[in-house]
Amino acid sequence: MQSVRAQRFHQNSDQIPSLPLYRSAPALEVRLEDFELFAIDRLRVLKAISDGLSRGKKPNEMENLVNDVWIENMRHAQASESVNKDIISHFVLRLVYCRTEDLRKWFLSMETALFRYRFMRLNSEDQKAQMAEFNLPYKSVGSAEYEGLKEKLGQVARSINQPLPSADAIFYKVPFEEVPELVACRKVYIHKGYAYVAMNQVVSLVVTQFRSHLSKALILTNRKWTSTIREQEKDRLAPIVEALSTSYLGPDYSQPRESGEIKIKDLDQIAKSSFPLCMRHLFEKLKEDHHLKHGGRMQLGLFLKGVGLKLEDALAFWRAEFSQKVGAERFEKEYAYSIRHNYGKEGKRTDYTPYSCQKIISSTPSVGDHHGCPFRHFSDENLRAALSRMGVGARAMEDVMDKVRNRHYQLACTLTFEAVHSSSCDAGINHPNQYFIDSQKSMQSKS
């Protein structure tokens, strides 16, 4: 069994930290399959946090969401194994997301958010222990100074609907620039350049330190990856690392699911009612031009396979369109093979899977191509026109465009689904075939 490193990491159960700081990678022996599986489980947690924040969930909702997805994906029956998984998965994803500025930015934000919500669930003693681990240079306010500030601190507490400080309340005197989020929200009293931070607000202090450390660590990891690791592990770890940042974590849609079989005669109608914008655009361009380049044929063809179009019908559908442009004979010679190949009937007999949102978003269409994600690749004007044709109203369209501007493309698609179907999609859209299935369910529930 291949392993990533050569020493196993064990801890006494009495010494297990509930929230590691990930300051340095311990000597862990990791099976190659665990290297990937642990990372995928943590990635599910980070992507749930990203979706929750993008959808504007409230702090208490986010705290509950993080707790639920952490238990679902990261818990182990043995506490020591939970810690091992926590540490391994963090350092694997640090390697995955160190490679570009955009990847580092996303990982830094999501890991910081995860740390924040996990820290908030610790009891006060564990929080103090975490502060000690960071070796923060802040001292608690003495009783004499506290008495002089008691009235002002009480005013701040009342303004943010917090209980008035008790006689034994602990406050830390911190340079105000080190707690920018508390200052911005006017949650602390500032005097002579110092912010007075209550014990229940120390999460801001700790999170600032955590973020700073991780930001620097990602840069250092990137240098190691570029200079040595990528070349040394080009045949073993590098393919896994490079694939993980665009991994699709949802169901497999290579075979039709709830929707069953789709007939050619129904395609025009269901394309208008239930295709996501990326597939609807390809379908319309195929009908208009009677041709699609390879990227478009793959994206649309595998989607149609996943929604239930049988091989014989797929050949008939593509033949009917392409023959109008290239003729039936050329279609059979140049295009029919690839369709049979997608269905696992040629070549290696691989049963190919429809493209996920992440794969489509990460594609790079050229001039004359129509594949890719419209929310990412369309101009503002073209996207608005396409959304209008789908029946998205003015208010919903502005919400969608706001998500596009912030590069939340899947959330933009989710909002489009909700606008078109007048129903919520709490799980978010992660796959075109999921969009189709959810659309069909929504329509059936209203019929």
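What to note about this one:
- The residues in the stretch 49-63 that are out of contact with any helix residue (DSSP H, G or I) (no Cβ under 9 Å at 6 or more places or on another chain) and surrounded by 14 or more Cβ atoms within 10 Å (Cβ to Cβ) can be counted, and the count is 0.
- Test: residue in the stretch 93-107 that is within 22 Å of P239 (Cα to Cα), touching a Leu at 6+ places or on another chain (Cβ under 9 Å) and open to solvent by 40 Å² or more (accessible area, probe 1.4 Å): yes
- Filter result for S254 (touching a Lys or Arg at 6+ places or on another chain (Cβ under 9 Å), modelled with pLDDT of 90 or more and not assigned by TED's automatic domain parsing to the domain that holds S109): no
- Selection count where residues are under 24 Å from the mean Cα position of the chain (by Cα) and at positive phi, scope the stretch 351-381: 1
- Residue match in the stretch 142-158 (condition: within 30 Å of V92 (Cβ to Cβ) and either out of contact with any strand residue (DSSP E or B) (no Cβ under 8 Å at 6 or more places or on another chain) or open to solvent by 30 Å² or more (accessible area, probe 1.4 Å) (or both)): no
- Pair list, Cβ < 7 Å and 6+ apart or interchain, from the stretch 411-440 residues that are open to solvent by less than 10 Å² (accessible area, probe 1.4 Å) to residues that are part of a helix (DSSP H, G or I) and among the basic types (K, R): A412/K403
- Of everything listed in (1) open to solvent by less than 40 Å² (accessible area, probe 1.4 Å); (2) modelled with pLDDT of 95 or more; (3) in contact with a helix residue (DSSP H, G or I) (Cβ under 7 Å, 6 or more places away or on another chain), the single unmet condition for M298 is (3).
- Wholly enclosed helices (runs of 4 or more DSSP H) of the stretch 344-447 bearing at least 1 residues among the polar types (S, T, N, Q): 357-361, 380-390, 409-421, 432-446
- Residue within the stretch 381-393 that is more than 30 Å from H290 (Cβ to Cβ) and either touching a residue at least 12 places away in the same chain (Cβ under 8 Å) or not assigned by TED's automatic domain parsing to the domain that holds F275 (or both) present: yes
- None of H371, H377 is more than 24 Å from S422 (Cα to Cα) and touching a helix residue (DSSP H, G or I) at 6+ places or on another chain (Cβ under 6 Å) except H371.
- Picking from residues in the stretch 72-85 that are under 18 Å from the mean Cα position of the chain (by Cα) and not polar (S, T, N, Q), the one that is most open to solvent (accessible area, probe 1.4 Å) is E72.
- Annotation: of all residues in the stretch 171-213 being assigned to a helix (DSSP H, G or I) and among the small types (G, A, S), the one that is modelled with the highest pLDDT is S212.
- If the condition is being within 21 Å of T414 (Cα to Cα) and in contact (Cβ under 8 Å) with a residue 60 or more places away in the chain, then the stretch 271-299 contributes S273, S274, F275, P276, L277, C278, M279, R280, H281, L282, Q299.
- Selection status of A129, part of a helix (DSSP H, G or I), more than 25 Å from L218 (Cβ to Cβ) and of a type in the set (A, V, I, L, M, F, W, C): yes
- All positions within the stretch 171-197 that are among the small types (G, A, S) and surrounded by fewer than 21 Cβ atoms within 10 Å (Cβ to Cβ): A184, G193
- The set of residues in the stretch 298-342 that are in contact with a Pro (Cβ under 8 Å, 6 or more places away or on another chain) and either charged (D, E, K, R) or farther than 21 Å from S254 by Cα (or both) contains only K305.
- Pairs, first assigned by TED's automatic domain parsing to the domain that holds E312 in the stretch 324-340, second of a type in the set (F, W, Y) and surrounded by 14 or more Cβ atoms within 10 Å (Cβ to Cβ), C-beta under 7 Å, six or more apart: F331/F322; Y335/W318; Y335/F322; I339/W318
The values are calculated or read from the model by the stated rules, or taken from the named source; none is laboratory data. As the structure is a prediction and not an experimental result, all values here were calculated from the model. Quick reminder, even Gly has a Cβ in these numbers, built from the backbone with ideal geometry, and neighbours come from all protein chains shown. Remember, those area values only see protein heavy atoms, side chains included, never the ligands or the DNA or RNA. Shrake-Rupley method; radii C 1.70, N 1.55, O 1.52, S 1.80 Å.
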